[in-house]
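For reference, the structure discussed in these notes is given below.
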Amino acid sequence: MGTLEKLAVLADGAKYDVSCASSGVNKHNQGGIGNSKSFGICHTWSADGRCVSLLKILLTNYCIYNCNYCVNRNQNDIPRASFTPREVADLTIQFYRRNYIEGLFLSSGIERSPNHTMERIYQVLDILRHEYHFYGYIHVKVIPGADPALVNKTGLLADRMSINIEQPTEQSLKLLAPQKTLPVLFAPMNQIHHQMTQNASERKIFRHVQKFVPAGQSTQMIVGASKDSDLSIIKATETLYNRFQLKRVYYSAYVPVNEGPNLPALSTSPPLLREHRLYQADWLLRFYSFKADEIVNEQSPFLDTDFDPKISWALRNMQLFPLEINQASYEELLRIPGVGVTSAQRIIRQRRLGNISYNHLKKMGVVLKRAKYFITCQGCYYGGIPAESALVRQALTPVAKPVQLCLF
Amino acid sequence: MDYLYDGSFDGLLTSIYYSYYEQKAHGIYPEASYQFNMFTPSTVIQSDPVLAARVYDAIDRKISVYSLMQIYYVYLSNNPAKENLILKYLQLGFQLGPKIDSIHSHPEVLPIRQTAKKVSFEAERFLGLLRFTDTGSYLYAVLEPDHNILILLADHFADRLAGERFIIHDKKRNLAIICNKKEWYLSDSSEEAAIPDSETEQFYQELWAKYFTRISIENRKNKKLQSHFVPQRYRHNLVEFRKSELL
Ligand code: SF4
């Protein structure tokens, strides 16, 4: 098989993995090729509107496992291919020189054994870093069950590593990925977390110590393949952030690729709105210091589809509002629907120089359409209706767009 | 009095110098596109690097580096009123000092912030949307940006592609960044490179186009979103759109 065909097959198998951001590390070129920008650079956008920043491919789509939700599971009859480590390295360098990509995201099916596959992933990095002196971004998948020593030496060359847990609970894992268990997935996560912490303290004493996974680790959960609630997903996310200090948890709306008794029908469309709401909830955890059970709870274990999770929270907690813009603390400002991190900071800064009027707020990036029911500005309330949960809920409910009739 | 300058950043700063120490400028305009009118007298300002440096330092010391950067970005924008936005902003800046950085919503400040943001957004966008072709002896890239962002790309690519010769060509303004493995300079003319149809180059272009079409997920197709991120006007310089006929 030629490179072109291999690339087609191995890009296909990798595209359902969404964790492809290249952000989180700033690196200069030190006498080779490449650098990294911490804000991440998108190089193009595919027809589904997703940003392409890394060459995202599989080393191989052969797999000895049989995870139900995966195109590459061994019982599927699909074209199979494997790259050699050198092919992947050459492709990366040539794409990179032409500025098609920001770096490499290498994932893989498990060919022969976890160690065999992990070793080959290491070889790709070895060629890129030591032979081509590549300083660009590299994200690799850790193969669960691989020898910790292999994981360690790969981690010294990668920017980011990830182990996808895919399912938020042990039960759904048992049902859908019978060869995987949470402890097996957590072991390398724990190892990476441990070594990152240790590495950081060693680097304080010895400057020359090589960085270990400088952009941290991430994981992905598939949404909608199992029956798990948003509560389980958000709880699992919170635990992952607290326990392993993950940089990111990604959510991927399940695209049905296989048939099976435990899977949604092939005709099910991917739950994109749910995925979107989960990302919003994730932001609340990471940047707005919300706790998981403030966002969802046992009584309502799914996120509201009509409202973003911050509005939902505010509507359930109307007793805390309205807040006075000129007095609220930074943390309080962040909890107002329509106020983001940037506008909250602007408010705090400008407030030191004088009172902020209602007119100023819009120019600072506050979305007044939402915020006006939750604030007072210099003592005045601009909502127009009483700040009561039911009324505000009604005022904020998006009007259903009139459906365009189809003529053909 | 209207001041007419040569279009350079030094020229603009020199005009601001004269506006402070000689006669107050009513407006500042590039000489090349100035519409003369009977009622406003005008004078041509000779760009002077020493006077410009004085204004530059004064902004840095009395206002802030941040403000300095902001007006430079505005200067690079295609906003037809940019010189006067900068003039008014600096007048306020010299009164307020660094405080000006915190009054985002002020009428003299907001347009500067908004324009600078557009420029930096486009520059960041082209860090990704630039495509090089390997001509065999050097890498060559063409772009036609809305704002004059070429210079904002130079350091990034000089660092990234250290050890390579490359040219980045702004076809719209006929400017080019030329880098000889280490150092780069801005040249105000450039020919379009004669690109040989080398087999290797074709091969990688094809691989990239193939990859590009393969990674999109059919059930998630969203062309509108794609158009939002990659506007039509940029597409003819992008291999993956040209080759996959998604122009
Ligand atoms: S181990 Fe990975 S590649 Fe193999 S079937 Fe499971 S999810 Fe797919």
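The values are calculated or read from the model by the stated rules, or taken from the named source; none is laboratory data. As the structure is a computational prediction, the values presented were derived from the model and not from experiment. Please note: Cβ atoms are built from the backbone with ideal geometry, for glycine as well, and neighbour counts cover all protein chains shown. Just the protein is used for accessible areas: all its heavy atoms, side chains included, with ligands, DNA and RNA removed. Shrake-Rupley method; radii C 1.70, N 1.55, O 1.52, S 1.80 Å.
Please go through the range A:170-191 and give me each residue that is open to solvent by less than 30 Å² (accessible area, probe 1.4 Å) and either within 14 Å of the ligand (Cβ to nearest atom) or touching a residue at least 60 places away in the same chain (Cβ under 8 Å) (or both), ordered by number.
Across the range A:170-191, the qualifying residues are A:Ser172, A:Leu173, A:Leu176, A:Ala177, A:Leu185, A:Pro188.
Are there any pairs with C-beta distances below 6 angstrom linking a residue in the range A:27-43 that is among the hydroxyl-bearing types (Ser, Thr, Tyr) to a residue that is not in a loop (DSSP other than H, G, I, E, B), with the two at least 6 apart or on different chains, and if so which?
Within 6 Å, the pairs are A:Ser36/A:Lys27; A:Ser36/A:Tyr137.
Consider only pairs whose beta carbons are under 8 Å apart and that are at least six residues apart or on different chains; among these, list those whose first residue lies in the range A:85-110 and is in a helix (DSSP H, G or I) and whose second residue is within 16 Å of the ligand (Cβ to nearest atom) and among the basic types (Lys, Arg).
Between residues of the range A:85-110 that are in a helix (DSSP H, G or I) and residues that are within 16 Å of the ligand (Cβ to nearest atom) and among the basic types (Lys, Arg), the close pairs are A:Pro85/A:Arg120.
Which residue is farthest from B:Asp57 (Cα to Cα), if the candidates are limited to the range B:21-46 and must be out of contact with any helix residue (DSSP H, G or I) (no Cβ under 8 Å at 6 or more places or on another chain) and of a type in the set (Phe, Trp, Tyr)? Don't jump to the end; show me each part of the working.
Taking the range B:21-46 first, the residues out of contact with any helix residue (DSSP H, G or I) (no Cβ under 8 Å at 6 or more places or on another chain) are B:21-24, B:26, B:31-43.
In the following step, the residues that additionally are of a type in the set (Phe, Trp, Tyr) were identified as B:21, B:34, B:36, B:39.
Working: B:Tyr21: 16, B:Tyr34: 29, B:Phe36: 32, B:Phe39: 35 Å.
For the range B:21-46, the residue satisfying everything is B:Phe39.
Taking the options A:Asp147, A:Asp159, name whichever one is open to solvent by 20 Å² or more (accessible area, probe 1.4 Å), farther than 22 Å from A:Leu231 by Cβ and charged (D, E, K, R). Walk me through how you get there before you give the answer.
On the way: A:Asp159 fails: open to solvent by 20 Å² or more (accessible area, probe 1.4 Å).
Unique residue meeting the criteria: A:Asp147.
Please give the number of the condition A:Pro79 fails out of (1) in contact (Cβ under 8 Å) with a residue 12 or more places away in the chain; (2) in contact with a strand residue (DSSP E or B) (Cβ under 9 Å, 6 or more places away or on another chain); (3) not hydrophobic (A, V, I, L, M, F, W, C).
Condition (2) is where A:Pro79 drops out.
Out of (1) modelled with pLDDT of 95 or more; (2) within 16 Å of the ligand (Cβ to nearest atom); (3) surrounded by fewer than 22 Cβ atoms within 10 Å (Cβ to Cβ), the odd one out for A:Asn66 is which?
Here A:Asn66 clears every test but (1).
Under the condition of being touching a residue at least 40 places away in the same chain (Cβ under 8 Å) and hydrophobic (A, V, I, L, M, F, W, C), which residue from the range B:142-154 is nearest to B:Val230 (Cα to Cα)?
Kept after step one, since they are touching a residue at least 40 places away in the same chain (Cβ under 8 Å), are these residues of the range B:142-154: B:142-144, B:146-149, B:151-152.
From what's left, hydrophobic (A, V, I, L, M, F, W, C): B:142-143, B:149, B:151-152.
Details: B:Val142: 16, B:Leu143: 13, B:Ile149: 17, B:Ile151: 22, B:Leu152: 20 Å.
Among those residues, the one meeting the criterion is B:Leu143.
Condition check: away from the ligand (no atom under 16 Å from the Cβ), part of a loop (DSSP other than H, G, I, E, B) and at pLDDT below 95. Does A:Gly145 satisfy that?
Details: away from the ligand (no atom under 16 Å from the Cβ): no; part of a loop (DSSP other than H, G, I, E, B): yes; at pLDDT below 95: yes.
It is false that A:Gly145 is away from the ligand (no atom under 16 Å from the Cβ), part of a loop (DSSP other than H, G, I, E, B) and at pLDDT below 95.
Which of the residues that make up the range A:3-26 are without any contact (Cβ under 8 Å) to a residue 40 or more places away in the chain, more than 19 Å from A:Ile93 (Cβ to Cβ) and either touching an Asp or Glu at 6+ places or on another chain (Cβ under 7 Å) or open to solvent by 20 Å² or more (accessible area, probe 1.4 Å) (or both)? First the steps, then the outcome.
As a first pass, look at the range A:3-26 and keep what is without any contact (Cβ under 8 Å) to a residue 40 or more places away in the chain: A:4, A:8, A:26.
Cutting the leftovers down to more than 19 Å from A:Ile93 (Cβ to Cβ) gives us A:8, A:26.
A:Asn26 - this is the single residue of the range A:3-26 that is without any contact (Cβ under 8 Å) to a residue 40 or more places away in the chain, more than 19 Å from A:Ile93 (Cβ to Cβ) and either touching an Asp or Glu at 6+ places or on another chain (Cβ under 7 Å) or open to solvent by 20 Å² or more (accessible area, probe 1.4 Å) (or both).
Residue-by-condition table, conditions (1) at the interface with another protein chain (Cβ under 9 Å from one of its Cβ atoms); (2) within 16 Å of the ligand (Cβ to nearest atom); (3) not polar (S, T, N, Q):
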site	(1), (2), (3)
A:Gly2	no, no, yes
A:Ala8	yes, no, yes
A:Ala14	yes, yes, yes
A:Asn26	no, no, no
A:Gly31	yes, no, yes
A:Thr44	yes, no, no
A:Asp48	yes, no, yes
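Among the acidic types (Asp, Glu) and within 14 Å of the ligand (Cβ to nearest atom) - does that describe any residue in the range A:153-165? Step through it out loud before you land on a result.
To start, the set of residues in the range A:153-165 that are among the acidic types (Asp, Glu) comprises A:159.
Subset that is within 14 Å of the ligand (Cβ to nearest atom): none.
No - not one qualifying residue is present in the range A:153-165.
Which of the residues that make up the range B:70-103 are surrounded by 22 or more Cβ atoms within 10 Å (Cβ to Cβ) and within 13 Å of chain A (Cβ to nearest Cβ)?
B:Ile100
Condition first: in contact with a Ser or Thr (Cβ under 7 Å, 6 or more places away or on another chain) and not small (Gly, Ala, Ser). Can you find one or more residues in the range A:143-157 that meet it?
yes
Does A:Ser289 qualify as being of a type in the set (Gly, Ala, Ser) and not in a loop (DSSP other than H, G, I, E, B)?
On the way: of a type in the set (Gly, Ala, Ser): yes; not in a loop (DSSP other than H, G, I, E, B): no.
It is false that A:Ser289 is of a type in the set (Gly, Ala, Ser) and not in a loop (DSSP other than H, G, I, E, B).
From the list A:Leu54, A:Leu58, which residue is aliphatic (A, V, I, L, M) and either within 16 Å of the ligand (Cβ to nearest atom) or without any contact (Cβ under 8 Å) to a residue 12 or more places away in the chain (or both)?
Numbers: A:Leu54 fails: either within 16 Å of the ligand (Cβ to nearest atom) or without any contact (Cβ under 8 Å) to a residue 12 or more places away in the chain (or both).
Going through A:Leu54, A:Leu58 in turn, just one is aliphatic (A, V, I, L, M) and either within 16 Å of the ligand (Cβ to nearest atom) or without any contact (Cβ under 8 Å) to a residue 12 or more places away in the chain (or both): A:Leu58.
A:Asn72 versus (1) within 13 Å of the ligand (Cβ to nearest atom); (2) assigned to a helix (DSSP H, G or I); (3) under 24 Å from the mean Cα position of the chain (by Cα): which is the lone unmet condition?
Going through the list (1) within 13 Å of the ligand (Cβ to nearest atom); (2) assigned to a helix (DSSP H, G or I); (3) under 24 Å from the mean Cα position of the chain (by Cα), A:Asn72 breaks only (2).
Any residue at all in the range B:171-179 that is of a type in the set (A, V, I, L, M, F, W, C), within 11 Å of chain A (Cβ to nearest Cβ) and either open to solvent by 20 Å² or more (accessible area, probe 1.4 Å) or part of a loop (DSSP other than H, G, I, E, B) (or both)?
Within the range B:171-179, the first condition is being of a type in the set (A, V, I, L, M, F, W, C), and the residues that meet it are B:175-179.
Okay, now just the ones that are also within 11 Å of chain A (Cβ to nearest Cβ), so none.
No, the range B:171-179 has no match at all.
Taking the criterion of being within 11 Å of chain B (Cβ to nearest Cβ) and touching a helix residue (DSSP H, G or I) at 6+ places or on another chain (Cβ under 7 Å), would at least one residue in the range A:57-79 satisfy it?
Taking the range A:57-79 as the starting set, the residues that turn out to be within 11 Å of chain B (Cβ to nearest Cβ) are A:57.
The next check asks that each one be touching a helix residue (DSSP H, G or I) at 6+ places or on another chain (Cβ under 7 Å); those that pass are A:57.
Yes, the conditions are met somewhere in the range A:57-79.
With respect to A:Leu315, determine if the residue is part of a helix (DSSP H, G or I) and open to solvent by less than 50 Å² (accessible area, probe 1.4 Å). Before you say what the answer is, go through the steps one by one.
Values: part of a helix (DSSP H, G or I): yes; open to solvent by less than 50 Å² (accessible area, probe 1.4 Å): yes.
The answer is yes for A:Leu315.
Need the failing condition index for A:Tyr135 against (1) within 16 Å of the ligand (Cβ to nearest atom); (2) open to solvent by 50 Å² or more (accessible area, probe 1.4 Å), just the number.
Only one criterion is unmet by A:Tyr135, namely (1).
Which residue, of A:Phe105, A:Phe39, is closer than 16 Å to A:Arg160 by Cα and facing chain B (nearest Cβ under 9 Å)? Step through it out loud before you land on a result.
Working: A:Phe105 fails: facing chain B (nearest Cβ under 9 Å).
Of the residues listed, the single one that is closer than 16 Å to A:Arg160 by Cα and facing chain B (nearest Cβ under 9 Å) is A:Phe39.
From (1) without any contact (Cβ under 8 Å) to a residue 60 or more places away in the chain; (2) away from chain A (no Cβ under 12 Å); (3) in a helix (DSSP H, G or I), pick out the condition that doesn't hold for B:Phe126.
Failing condition for B:Phe126: (2).
Kindly provide the set of residues from the range A:109-132 that are open to solvent by 20 Å² or more (accessible area, probe 1.4 Å) and within 16 Å of the ligand (Cβ to nearest atom), ordered by number.
If the condition is that a residue be open to solvent by 20 Å² or more (accessible area, probe 1.4 Å) and within 16 Å of the ligand (Cβ to nearest atom), then A:Glu111, A:Arg112, A:Ser113, A:Pro114, A:Asn115, A:His116, A:Arg120 are the ones that fit.
Just for the range B:226-247: of the residues that are open to solvent by 30 Å² or more (accessible area, probe 1.4 Å) and in a helix (DSSP H, G or I), which one is nearest to the other protein chains (Cβ to nearest Cβ)?
Across the range B:226-247, the extreme among qualifying residues is B:Phe229.
Pairs under 7 Å by beta carbon, first residue at the interface with chain A (Cβ under 7 Å from one of its Cβ atoms) in the range B:206-225, partner surrounded by 15 or more Cβ atoms within 10 Å (Cβ to Cβ) and acidic (Asp, Glu), six or more apart or different chains?
Filtered contacts from the range B:206-225: B:Trp208/B:Glu240; B:Phe212/B:Glu240; B:Arg214/A:Asp12; B:Ser216/A:Asp48; B:Ile217/A:Asp48; B:Arg220/A:Asp48; B:Lys221/A:Asp48; B:Asn222/A:Asp48.
Considering only the range A:329-369, how many residues are among the hydroxyl-bearing types (Ser, Thr, Tyr) and open to solvent by less than 10 Å² (accessible area, probe 1.4 Å)?
So in the range A:329-369, the residues among the hydroxyl-bearing types (Ser, Thr, Tyr) come out as A:329-330, A:342-343, A:357-358.
When the remaining residues are screened for being open to solvent by less than 10 Å² (accessible area, probe 1.4 Å), the result is A:343.
Counting residues in the range A:329-369 that are among the hydroxyl-bearing types (Ser, Thr, Tyr) and open to solvent by less than 10 Å² (accessible area, probe 1.4 Å) gives 1.
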